[in-house]
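The values are calculated or read from the model by the stated rules, or taken from the named source; none is laboratory data. Note that the structure is predicted; figures quoted are calculated from it, not measured. No Cβ is skipped: glycine too gets one built from the backbone with ideal geometry, and neighbour counts run over all protein chains shown. The accessibility values were calculated without ligands, DNA or RNA, using every heavy atom of the protein model including side chains. Shrake-Rupley method; radii C 1.70, N 1.55, O 1.52, S 1.80 Å.
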Amino acid sequence: MTIVEQPKASGTTGGAAPRGALDAAALRADFPILDQEVNGHRLVYLDSASTSQKPNVVIDAVSAYYREYNANVHRGIYTIGEKATAEYEGARARVARFINAPDSHEIVFTRNATEAINLVAYSWGRANIDRGDAIVLTEMEHHANLVPWQLLVQEKDGDLEFVPISDDGLLRLEVFEVLLHLKPKLVAFTHVSNTLGTINPVRQIADMAHAAGALVLVDGAQAVPHVPVDIEALGVDFYAFSGHKMLAPMGSGALWARRELLEAMPPFLAGGEMIREVHLRRSDWNDIPWKFEAGTPAVGDAIGLGVAADYLTALGMDAVRAHERELVAYALEALPRAVPDIAVYGPMDLDLRGGVIPFNLPDIHPHDVAQILDRYGIAVRAGHHCTMPLHERLDLAATARASFSVFSTNADIDALAAGLVEVERIFRG
Ligand code: 7TS
């Protein structure tokens, strides 16, 4: 069995040597999907904000689970069942280490960030939000961190308030300060915007929210794959993220929450696994985190998530961040050079921006842009990226979006730039 070994990433110096810069070109060998042609061209995958590609170590770990020790967890008296349980719980410890969570029992495995946020909205939210209570969100939230709160306040007759953004895509904290006078019970916001790339000042916002008596939930779906995340340093109460955006399998994700909150929260989904004792008319709940993991979990996917976390740690999240910062700098220069009339949105300060480039070409619908780019093997997303209110705020129907991961290179951006020249040639003749 292979997966207990620490994954090695080929783009690192490895061993105990100081972590160097990330060699994305070398790293690409770890991602088998990249070694193919699409429509006669090298696949240029620029949609990692939707989902990242998966390295061999993750694919192999999932495969090893199914080939060698597929069994249900927390039940087996037999060897492969014990092995599955040990690897599943080991994955929880790996994920906890990755985000510097103080206690691995504070990690609840979920299917994705959406489920993690819904868990909080249903469990904590329904127990704690009453008539007239305010929840503060922001204008840049993904629908996953908006709609669950809409449902909650509709049910409870609560109130949603929104921190507006500036024209360059930053949260207007002076307005947030005023909203805190409403004494919200919860402040929930994204760490990194999936549409604008904005990196929000989590610690500062959390400190302001706590000073006003609110709890803080952070949507980390676009942060954990791209910037170092240290739960202790961030000082938040809930942190939700998806595995599939951080090189892990589809269907993996996690919620981190402070132990005392998880212990006080009622169950979300009910059934097997999450109980200690069941009688016909009442039941007792299991300890955390299993209280929140009803039914048979996605064991192989969780194991893959643990391996992905170790893979990113081996690369060094500082190196990952530095690499993506360089890609953004390169793109912000290369794209307008190739197509001078391009409009690029989001903060232009590279310290405040992750690896996401939303853009438009005048009078060309982003769907057409994406479709023509696909002819050249270039994958970008077009649409509202599940941030319709943000697009409304920016007065945009839609945008095209290129987004990066550890395996993205300047050559990918060059291909995008050349593709955009072709788009303009086709549309403008
Ligand atoms: N939060 C943010 C900030 C996201 O970007 C996404 C997905 C989610 C939550 C939901 O993640 P899920 O794994 O639960 O679906 N964002 C995108 C995107 O930008 N393009 O496709 C999915």
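Can you tell me the dipole magnitude for the chain around its Cα centre, using point charges on the Cβ only (Lys, Arg +1; Asp, Glu -1), in Debye to the nearest 20? Can you show the working numbers first?
Working: 36 positive and 56 negative charges, 148 e Å.
Once rounded to the nearest 20, the dipole reads 700 debye.
When the helices in the chain are scored as -39500 (n - 2.57) per DSSP H run of 4 or longer and the sum is shared across all residues, what 222 nm value do you end up with, to the nearest 500 deg cm²/dmol?
Values: 14 runs with 156 residues, N = 429.
My calculation for the chain gives -11000 deg cm²/dmol from helical runs alone.
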By DSSP, what percent of the beta bridges with both residues in the range 123-275 are antiparallel, rounded to the nearest 5?
30
Between rounded, prolate and oblate, where does the range 233-301 land on the alpha carbon gyration tensor, with a ≥ b ≥ c its root eigenvalues, rounded for a/c under 1.5, else prolate if a/b exceeds b/c?
oblate
Which one, A93, L146, G132, projects farthest toward the positive side of the charge dipole computed for the range 59-314 from Cβ point charges (K/R +1, D/E -1)?
A93
A student applying the Cα gyration tensor rule (rounded when a/c is under 1.5; otherwise prolate if a/b is larger than b/c, oblate if not) would label the range 221-355 prolate
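For the range 163-287, give the magnitude of the charge dipole about the Cα centre (Cβ charges: +1 Lys/Arg, -1 Asp/Glu; no others), in debye to the nearest 20. Mind dumping the intermediate values first?
Values: 10 positive and 15 negative charges, 66 e Å.
For the range 163-287, the charge dipole is close to 320 debye.
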Residue (of F407, L350, L332) at the positive-pole extreme of the range 306-409, dipole from beta-carbon charges
F407
What pairs in K156/K183; K156/K185; K83/K291 have C-alpha atoms more than 24 Å from each other?
none
DSSP beta bridges in the range 59-314: the antiparallel percent, rounded to 5, is 50
A student asked for the Cα radius of gyration and Dmax of the chain in angstrom ought to give 22.0, 74
Excluding residues on the same chain fewer than 8 positions from K245, give the lysines whose Cα lies under 25 Å from its Cα.
K8, K54
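Taking R0 as 30 Å, what FRET efficiency do you get between L34 and T79 from their Cβ-Cβ distance, rounded to the nearest 0.05? Mind showing how you got there, number by number?
Details: r = 37 Å, r/R0 = 1.23.
Using R0 = 30 Å, I get an efficiency of 0.20.
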Of all the accessible heavy-atom surface of the chain, with the other protein chains kept in place and a 1.4 Å probe, what percent is carbon and sulfur?
53
Among R281, R393, R203, which one shows the highest mean-square fluctuation when the chain is modelled as a Gaussian network with alpha-carbon springs under 10 Å?
R281
Provide the per residue accessible area, probe 1.4 Å, for the chain, rounded to a whole number of square angstrom.
40
Farthest positive-ward along the range 59-314 dipole, Cα basis, beta-carbon charges - from N72, V202, F176:
N72
Can you give me the span-like helices of the chain, meaning DSSP H runs with 20 Å or more of Cα extent along the axis and Kyte-Doolittle mean at or above 1.0?
299-315
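Given charges of +1 on the Cβ of Lys and Arg and -1 on the Cβ of Asp and Glu, with all other atoms neutral, how large is the dipole of the range 59-314 about its Cα centre, in debye to the nearest 20?
Details: 21 positive and 34 negative charges, 122 e Å.
Dipole magnitude for the range 59-314 comes out near 580 debye.
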